[in-house]
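J.: Structure provided below as structure tokens; questions to follow.
The values are calculated or read from the model by the stated rules, or taken from the named source; none is laboratory data. Only a predicted model underlies this, so the values are computations on that prediction, with no experimental measurement involved. Glycine also receives a Cβ, built like all others from the backbone with ideal geometry; neighbour counts cover every protein chain displayed. Just so you know, the surface numbers come from the protein's heavy atoms only, side chains and all, with ligands and any DNA or RNA stripped out. Shrake-Rupley method; radii C 1.70, N 1.55, O 1.52, S 1.80 Å.
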Amino acid sequence: MMMKIAISSVGSSMDSMLDVRFGRCKYFQIHDTDSGKVKVIENKGQLSGGGAGIAAAQQLINERIDIIITGSLGPNAFELINKAGIKAYKCEAMPINIVLEKFKNSKLEEIKVAGKAHHGM
Amino acid sequence: MNIAVLSGKGGTGKTTVSVNLALALNANYIDADVEEPNGFLFLEPQIYKVKDVLVEYPIIDKDKCTLCGECVRVCQFNALAKAKEEIVLFQKLCHSCGACQISCKFGAIEYSNREIGKIEKGKYKNIGCSRGILNVGEPMAVPVIKELLRDLTCKVNVIDCPPGTSCNVINVLRYADVAVLVTEPSEFGLHDLKMAVELVKTFKIPFGIVINKDDGGENIIKVYCKKEGIKIIGLIPYEREIAFMYSKGKILYEDVKYKELFDELASRLKEELKWN
């Protein structure tokens, strides 16, 4: 099954580290499991005055993402991606290639509850 | 005449100065620190009027909504988002600007009201007392502050500001004719005082400084004021008795020992800020 996976990241390469912040991360790396293609987008949420998580989630909804891998999700972002039918998985800060490896081997835990608000400020 | 009492740093004595200055000037006391209004702990006014503060938020008619997403695009506050089958509203982020309703080509957006706080009005002896109270959990204080300050009388009003130099303080300064900056001789006090001075200067209104917890000698605040040519209009000594009275909710102005201190501050304020 083809899947588009978005990972919050501090950089744009495969050895960049995952950013545990969702709304305030610098980039999202979008990995297409089918074609192996990678698209890197700047997170519009990082600069917004408020509602960073919402802006970030909206951007990923518009990119038709299936899976998000990040550190945690605040209450608003969590509500929004739930309503959009996107699943999210929790991961610590580590290089993106290792994150993907872990995901493929089902080593990541699904995020089923929202974390604290304003955690990434 | 509106006198704004602000500080930059929290806990420097804004409320102490505001309450006692209002009594010394026989002015109204207005508590605009709506996230934690505490002036009434001292004044304990007889409340005669309570009013709800309402803000508007959009309601989306799902039958008319085509999920075009235009409302989401125009919202500058990320209060609206588009999921698969619905427009999702994040009520607490809405600034009631009305852009979503204007942008909706299908007439699917109506506005409704919700309560985010209250305004209380009362009286203590001869002076009018009012305060805004923001409900716990509400992030936006500005609508409560605006409502509180909208119907100020043309009498003399002492406005107890929120701490910091954020939108909340700026929205008070918009109504201020003069400002009193309360500080303390500590590194934090000085650091935040500098930010408050910078802010007040943009409003081009006269201002003076009150040093709380003054140690009597030379200190970093006095050095700073001298260098910048800023007037010090009052000194509140660093005394255990003041802290004790404060902890009991007692009013310093009603103690003969401290009455003079605030009478003097009141006359210095009139004199230095060229206001009669």
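J.: Accessible surface of B:Tyr124 in the full protein assembly, 1.4 angstrom probe, to the nearest 10 Å²?
T.: 40 Å²
J.: Check the cysteines of chain B one by one and keep only those with no other cysteine Cβ under 4.7 Å from their own.
T.: Among the cysteines of chain B, those whose Cβ sits 4.7 Å or more from every other are B:Cys65, B:Cys68, B:Cys75, B:Cys94, B:Cys97, B:Cys104, B:Cys129, B:Cys154, B:Cys161, B:Cys167, B:Cys225.
J.: Considering only protein heavy atoms, with the full assembly of protein chains and a 1.4 angstrom probe, order A:His118, B:His191 by accessible area, largest first. Provide the component values of the computation, followed by the final result.
T.: Numbers: A:His118 145, B:His191 105 Å².
Putting A:His118, B:His191 in descending order of accessible area: A:His118, B:His191.
J.: At 1.4 Å probe size, what's the solvent-accessible area of B:Phe77? Round to the nearest 10 Å².
T.: Here the residue's solvent-accessible area equals roughly 70 Å².
J.: A further question on this structure: Through the Karplus equation 6.51 cos²θ - 1.76 cosθ + 1.60, θ set to phi - 60°, convert the phi angles of segment B:135-145 into ³J(HN,Hα) values in whole Hz; use x for Gly and Pro.
T.: Residue by residue, segment B:135-145 yields 4, 4, x, 7, x, 10, 8, 4, x, 5, 4 Hz.
J.: With every protein chain left in place, what is the accessible area of B:Cys167 in Å² (1.4 Å probe, nearest 10)?
T.: Using a 1.4 Å probe on the heavy atoms, I get roughly 90 Å².
J.: So in chain B, what percent of DSSP beta bridges are antiparallel if you round to the nearest 5? Don't jump to the answer; show the numbers that get you there.
T.: Working: 26 of 50 bridges.
Rounded to the nearest five, the antiparallel share is 50 percent.
J.: Give a residue-ordered list of calculated ³J(HN,Hα) values for segment B:148-156 (Karplus: 6.51 cos²θ - 1.76 cosθ + 1.60, θ = phi - 60°; whole Hz; x for Gly, Pro).
T.: Per-residue couplings from phi come out as 5, 8, 4, 10, 6, 7, 7, 5, 7 Hz.
J.: Taking the Cα atoms only, what angle lies between the long axis of helix B:187-202 and the longest principal axis of chain B, rounded to 10 degrees?
T.: 70 degrees
J.: If you don't mind, there's one more thing I want to ask. Could you work out the longest stretch of chain B that avoids the GluC sites (Glu not before Pro) located in DSSP loops with at most 14 other Cβ atoms within 10 Å?
T.: Working: sites that count: B:Glu85, B:Glu86, B:Glu218, B:Glu239.
In short, B:87-217.
J.: From zero outward in steps of 10 Å, how is the percent of C-alpha pairs of the protein assembly as shown spread across the bins?
T.: All Cα pairs considered, the percentages come to 5, 20, 22, 18, 17, 13, 6, 1, 0.
J.: Turning to a different aspect of this structure: Please report how far the C-alpha centroid of segment A:83-121 lies from that of segment B:223-255, rounded to the nearest whole angstrom.
T.: If you average the Cα positions of each part, the centres end up 52 Å apart.
J.: So which of B:Lys92/B:Lys222; A:Lys37/B:Lys84; B:Lys155/B:Lys250; B:Lys14/B:Lys51; B:Lys14/B:Lys123; A:Lys107/B:Lys84 end up more than 32 Å apart by C-alpha?
T.: In this structure, B:Lys92/B:Lys222 exceed 32 Å between Cα atoms.
J.: Quick one: Debye curve from the C-alpha atoms of chain B, no solvent, what's log10 I(q)/I(0) at q = 0.10, 0.12, 0.16 Å⁻¹?
T.: Taking Cα atoms of chain B as identical point scatterers yields -0.58, -0.76, -1.14.
J.: Here's something else I'd like to know. Can you give me the three principal axis dimensions of segment A:4-110 from its C-alpha atoms, in Å, biggest first?
T.: 33, 25, 24
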